[in-house]
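To start, the structure itself, in structure tokens.
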Amino acid sequence: MTTQNPAGMDARLHELAQRARSAQRSLATASGAIRAQVLEAMASGIHANCDELLAANELDMERAAELTRAQRDRLRLDAVRVAAMVSSIRDIARQPDVVGQVVDGWVLGNGLRVRRVRVPLGVIGVIYENRPNVTSDATALALYAGNAIMLRGSSLALNSNQAIVAVLKGAIWEVGLEPDLVAMVDDTTRAGALAFMQLGSAMDVLIPRGGPELIDAVRQHASVPTIIDGDGNCHVYVDRGANLEMATAIIENAKTQRPGVCNAMETLLVHVDVAGALLDRLDTVLGEVEFRGDETTRALCKRAVSATEDDYAREFLDLILAVKVVGSLDEAIDHIRRYSSGHSEAIITESYANAQRFVHEVDAAAVLVNTSTRFVDGGQLGMGAEIGISTQKLHARGPMGIEQLTTTKIVIEGEGQIRR
Ligand SMILES: NC(=O)C1=CN([C@@H]2O[C@H](COP(=O)(O)OP(=O)(O)OC[C@H]3O[C@@H](n4cnc5c(N)ncnc54)[C@H](OP(=O)(O)O)[C@@H]3O)[C@@H](O)[C@H]2O)C=CC1
Ligand SMILES: N[C@@H](CCC(=O)OP(=O)(O)O)C(=O)O
């Protein structure tokens, strides 16, 4: 990838960013009630324009034959998914307003009153996968937290995103705010994405959601502060003595409920003492899933094929499961340390001590005990939605909602004090 961008593209992006910045300044002074009103107008707009959005999505789906199963599943809209977009926006608007919240405060000996106040980040950029709902979720979260947003969605979802953004802009205008609060980048070339991540101080933070290729490009080329929302090579470890009925249900959910998303399970680690019994159950329940396993797995499950190093290292985003039989919790944790992408890791156990060890020793954005990795989602966790799931440690980690789209400012008030 070249680091040179055509000047025209740069100029267009800078202009969009400037307009977003100026619109954000007016939003920053709007009350929480007004911001909630914008979101309600957005939700009503999406609901009212469902047919138009589905028609735009049909245009994107015309390329479905070229797409992987995961890409088709992400891209497809139907009435139920549009209704979910509407409820997400309303759920976000029901969250407490954090803008202006005093998170800390104290009075100094010299009488100065100090407080730390929550404020919007400013202009947020997102590069994201071909899920049209991200367009409305991300916009609603950003605006409710007082920010402007610049959207660089996937080329695969261009028609859907354009239709959604038109509705969102209309809603902002209806409430009397500036539609430039949402900027959508129509140039979905890779050179365009590069120029986007090189906006420098025109953008306050970039949230890239995507796989290793995107994340490498961002690490190499971005001139904007970033919050990486990377891939999910998620593991489930089934401990010695685990409840196998519960384990089977959780594994079925984590692997098959929506296999193409980042919080789906990719590798099963199973303690040798329960491996035979568990793999017997999974052989029936996961009939459609291809198993790729180590030697012990293959001995216990005849339909498993040989797993390569790469199978343990990557996301399948498909009905394929890597399996490894381990001799201890330590071996499971070592495997996770070696291959995890730091997204979501789960243990199924009846042992409190082992659960605690797993929670403390596994370094990931989310660690789960006796439940499915599919719950690592802003909506499921009561945050309304998420703008992404951060797989880095700064400035936020895990699903990012409204609070994670703000920063703080120190306000100091005095009566003429001076420093001596
Ligand atoms: N942690 C999280 O919150 C999330 C993680 N993911 C991860 O994303 C992946 C699935 O989505 P998928 O669509 O395959 O992701 P991709 O990484 O292929 O695409 C994501 C976005 O990045 C763009 N892009 C991809 N490569 C580059 C590059 N080299 N330079 C510039 N832009 C690039 C794509 O554009 P275009 O499509 O036009 O090529 C798209 O807009 C999985 O790995 C999943 O785990 C997904 C969503 C959320
Ligand atoms: N929010 C998601 C998980 C994160 C996500 O969007 O992942 P992906 O579909 O890989 O883009 C969910 O569980 O629905």
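The values are calculated or read from the model by the stated rules, or taken from the named source; none is laboratory data. Predicted model only: the values in this text are computed from it and were never measured. A quick note on method: Cβ atoms are made from the backbone with ideal geometry, for glycine too, and the neighbour counts reach across all protein chains shown.
Laid out as a table, the results:
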{"item": "Options ASP318, ASP334, ASP294; residue that is within 20 Å of THR373 (Cβ to Cβ), in contact with a Lys or Arg (Cβ under 7 Å, 6 or more places away or on another chain) and either within 16 Å of ligand 2 (Cβ to nearest atom) or not hydrophobic (A, V, I, L, M, F, W, C) (or both)", "result": "ASP318"}
{"item": "Selection within segment 122-163 - touching a Gly at 6+ places or on another chain (Cβ under 6 Å) and assigned to a strand (DSSP E or B)", "result": "MET150"}
{"item": "Residue within segment 194-209 that is in contact with a Pro (Cβ under 6 Å, 6 or more places away or on another chain), assigned to a helix (DSSP H, G or I) and either within 10 Å of ligand 1 (Cβ to nearest atom) or not acidic (Asp, Glu) (or both) present", "result": "no"}
{"item": "Test: residue in segment 96-103 that is surrounded by 21 or more Cβ atoms within 10 Å (Cβ to Cβ) and not in a helix (DSSP H, G or I)", "result": "yes"}
{"item": "Matching residues in segment 346-389 - criterion: being in a strand (DSSP E or B), of a type outside the set (Val, Ile, Thr) and within 14 Å of ligand 1 (Cβ to nearest atom)", "result": "ALA366"}
{"item": "Selection status of ASP231, at pLDDT below 95 and not in a helix (DSSP H, G or I)", "result": "no"}
{"item": "Residue within segment 275-288 that is assigned to a strand (DSSP E or B) and either basic (Lys, Arg) or away from ligand 2 (no atom under 16 Å from the Cβ) (or both) present", "result": "no"}
{"item": "Count - residues of segment 390-413 that are more than 16 Å from ligand 2 (Cβ to nearest atom) and in a loop (DSSP other than H, G, I, E, B)", "result": "3"}
{"item": "Selection count where residues are surrounded by 12 or more Cβ atoms within 10 Å (Cβ to Cβ) and on the phi > 0 side of the Ramachandran plot, scope segment 389-420", "result": "1"}
{"item": "Hits in segment 45-85 - residues which are outside any helix (DSSP H, G or I), touching a residue at least 40 places away in the same chain (Cβ under 8 Å) and closer than 28 Å to PHE316 by Cα", "result": "ARG63, LEU67, THR68, LEU77"}
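A quick yes/no check of all residues on (1) within 16 Å of ALA17 (Cβ to Cβ); (2) among the small types (Gly, Ala, Ser); (3) surrounded by 24 or more Cβ atoms within 10 Å (Cβ to Cβ):
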| residue | (1), (2), (3) |
| --- | --- |
| ARG116 | no, no, no |
| VAL119 | no, no, no |
| VAL123 | yes, no, yes |
| SER155 | no, yes, no |
| SER160 | no, yes, yes |
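Matching residues to (1) surrounded by fewer than 20 Cβ atoms within 10 Å (Cβ to Cβ); (2) away from ligand 2 (no atom under 16 Å from the Cβ); (3) touching a residue at least 60 places away in the same chain (Cβ under 8 Å); (4) of a type in the set (Phe, Trp, Tyr):
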{"position": "ALA166", "(1), (2), (3), (4)": "yes, yes, no, no"}
{"position": "ILE172", "(1), (2), (3), (4)": "no, yes, yes, no"}
{"position": "ALA183", "(1), (2), (3), (4)": "no, yes, yes, no"}
{"position": "LEU194", "(1), (2), (3), (4)": "no, yes, yes, no"}
{"position": "ILE207", "(1), (2), (3), (4)": "no, no, yes, no"}
{"position": "ASP239", "(1), (2), (3), (4)": "no, yes, yes, no"}
{"position": "MET246", "(1), (2), (3), (4)": "yes, yes, yes, no"}
{"position": "ARG258", "(1), (2), (3), (4)": "yes, no, yes, no"}
